[in-house]
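So the structure is just underneath, and the comments pick up after that.
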Amino acid sequence: MKESLIIFDTTLRDGEQSPGASMTREEKVRIAKALEKLRVDVIEAGFPAASQGDFDSVQAVAKAVKDATICGLSRAVDRDIDLAGEAIKAANRGRIHTFIATSPIHMEKKLRMTPDEVVERAVHAVKRARQHTDDVEFSAEDAGRSNPEFLCRVFEAVINAGATTINIPDTVGYNLPEQFGALFKYIISNTPNSDKAIFSAHCHNDLGLAVANSLAAAQNGARQIECTINGLGERAGNTALEEVVMAIRTRQDVFAFDTNINTKEIMTTSRMVSAITGFAVQPNKAIVGANAFAHESGIHQDGVLKHRETYEIMRAEDVGWSANKMILGKHSGRNALRARLTELGVSCDTEEELNRVFVRFKELADVKHEIYDEDLLALVADETVELESDQYRLVSLKVVSETGEMPNAQVTLWMNGEECHASAEGAGAVDATFKAIESLVASGANLLLYSVNNVTNGTDSQGETAVRLEKGGRVVNGQGTDTDIMVSSARAYINALNKLAVRAKRSHPQYQGDV
């Protein structure tokens, strides 16, 4: 039996720090359940002290997930630690992850603390966390630019104080693989009590090296890797879970360890995260991109047809790519829909919720002959969006676009307890639609991003639209899905407007420092 590498997923915490990727409590629970099915070892569910919403989300995940360890992040501050302890109390297995910066630039410019004060604060934080749980992780923020000898000093002290996991983060994505691996080797060799803790790698992708650095760390003693689905995360993102896991699984001739991940759930989880956050996966993304297992070159096609391994080092089926054709149609009933959603890791909590999804499914089946897993996941995600859209709802949309004429959109919204109508012209059909909606809502928001991706293939495919809006420094992401691109665009814009209207401003950990 090979040694097991712990997979620590921080999609719900560090991944959510991507501008516009903010998730609701219900969305976080859905993703957490998918991560549980993926067999992730540790789920970092959020930063409880950031806001009441974050606290509630971590608490909800702790109650919903039974198999994985649920982790809450905290600064080395008593209030943060106590809130994290309270938020994870309901978990079968709970962890507090506390951190403080250790690099010279952070200690001097940000913390305005001496090295001795940092060590003292770190030890106090770990001891405080141990009052809530026996599972305490300590992170040295910006460890990649910290003095290795000082890191050994800090780590020895916090391990003596009760830390069971030591995280060495490359917070700003500065390190190179050989350098980062050597750092782990040095610290593990020169920290006297290193055998009493598990060492972890948390890498950012600013130079495109997060996965490479994480693997180098693992080859030099790290036994936990911190990552996110699709590499989601602030700035250039975090280590991509699917890439790390499949690199290790594929190259078992090189790695002396493996993971517990159920790789066949990778695609389902990837699609769910993409749909909820509105962050589309680029087609050439490793493992989960639409072209990851596609071959257009005649030479490649010929080789794969003769023997798959000539050009494929992994089987698409092993990461959840489905070869299924039509799975459901307009004659399928509620039980068939419920069964397939369950297989996809999606559950409807009530019959009312299932009925709403079933109505949308039947509407889709009337206009789209073949319904794929991707369609169902997009449909459920869009239904969740609609349920959250309490202030504004799309009732109807009519768009007229003609060569040589100015496009015109007529929209009807349910708002303020009644139907409101408006029309507007624009440079294009989408522009006219958004202007008509704005004439009713008058949000004053700036449009930062508009993108459309097809959920499946063919001209009858559903369009999955993402809209990112900014107002007063707040950034929100809206999503919408429909076989009619204009309808999906309107739904996405309205979803973003609802998020602007009803959500209090979040205080993400990155504003105070982050690992």
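Just a yes or no: is a residue in the range 211-223 part of a strand (DSSP E or B) and touching a residue at least 40 places away in the same chain (Cβ under 8 Å)?
Checked against the condition, which is being part of a strand (DSSP E or B) and touching a residue at least 40 places away in the same chain (Cβ under 8 Å), the range 211-223 yields no hits at all.
Taking the stated definitions as given, is Asn167 under 14 Å from Leu151 (Cα atoms), surrounded by 21 or more Cβ atoms within 10 Å (Cβ to Cβ), in contact (Cβ under 8 Å) with a residue 24 or more places away in the chain and out of contact with any Leu (no Cβ under 8 Å at 6 or more places or on another chain)?
yes
Could you please give the count of residues in the range 436-473 that are of a type outside the set (Lys, Arg) and not in a loop (DSSP other than H, G, I, E, B)?
So the answer is 22.
Taking strands (runs of 3 or more DSSP E) that do not extend beyond the range 109-205, which have at least 2 residues that are of a type in the set (S, T, N, Q)?
Correct list: 165-170.
For the range 256-291, give me each residue that is in a loop (DSSP other than H, G, I, E, B) and touching a residue at least 60 places away in the same chain (Cβ under 8 Å).
Scanning the range 256-291 gives Ala256, Thr259, Asn260, Ile261, Asn262, Gly278, Phe279, Ala280.
Given the residues Arg75, Arg39, which is the only one that is at positive phi and touching a residue at least 60 places away in the same chain (Cβ under 8 Å)?
Every option except Arg39 fails the conditions.
If the requirement is being in contact with a Lys or Arg (Cβ under 9 Å, 6 or more places away or on another chain), of a type in the set (Gly, Ala, Ser), within 26 Å of Arg128 (Cα to Cα) and in the same structural domain as Thr133 (by TED's automatic domain parsing), which of these qualifies: Ala161, Ala157?
Ala161
For the range 92-145, which positions are more than 16 Å from Ile198 (Cβ to Cβ), crowded, with 24+ Cβ neighbours inside 10 Å and out of contact with any Phe, Trp or Tyr (no Cβ under 9 Å at 6 or more places or on another chain)?
Passing the criteria: only Ala101.
Given the criterion in contact with a Gly (Cβ under 9 Å, 6 or more places away or on another chain) and either aromatic (Phe, Trp, Tyr) or in a strand (DSSP E or B) (or both), identify the matching residue among Val487, Val476.
Criteria check complete, one pass: Val476.
Tell me, yes or no, whether the range 425-435 has at least one residue that is in a strand (DSSP E or B) and over 33 Å from the mean Cα position of the chain (by Cα).
yes
Here is a list: Glu312, Glu296. Which entry is at pLDDT below 75, among the acidic types (Asp, Glu) and exposed (fewer than 13 other Cβ atoms within 10 Å of the Cβ)?
Glu296
Looking at (1) within 27 Å of Asp206 (Cβ to Cβ); (2) in contact with a Gly (Cβ under 9 Å, 6 or more places away or on another chain); (3) at pLDDT 95 or above, which is the only condition Ala140 fails?
(2)
The values are calculated or read from the model by the stated rules, or taken from the named source; none is laboratory data. Source: prediction; values computed, not measured. Note: ideal-geometry Cβ built from the backbone for every residue, glycine included; neighbour counts use all protein chains shown.
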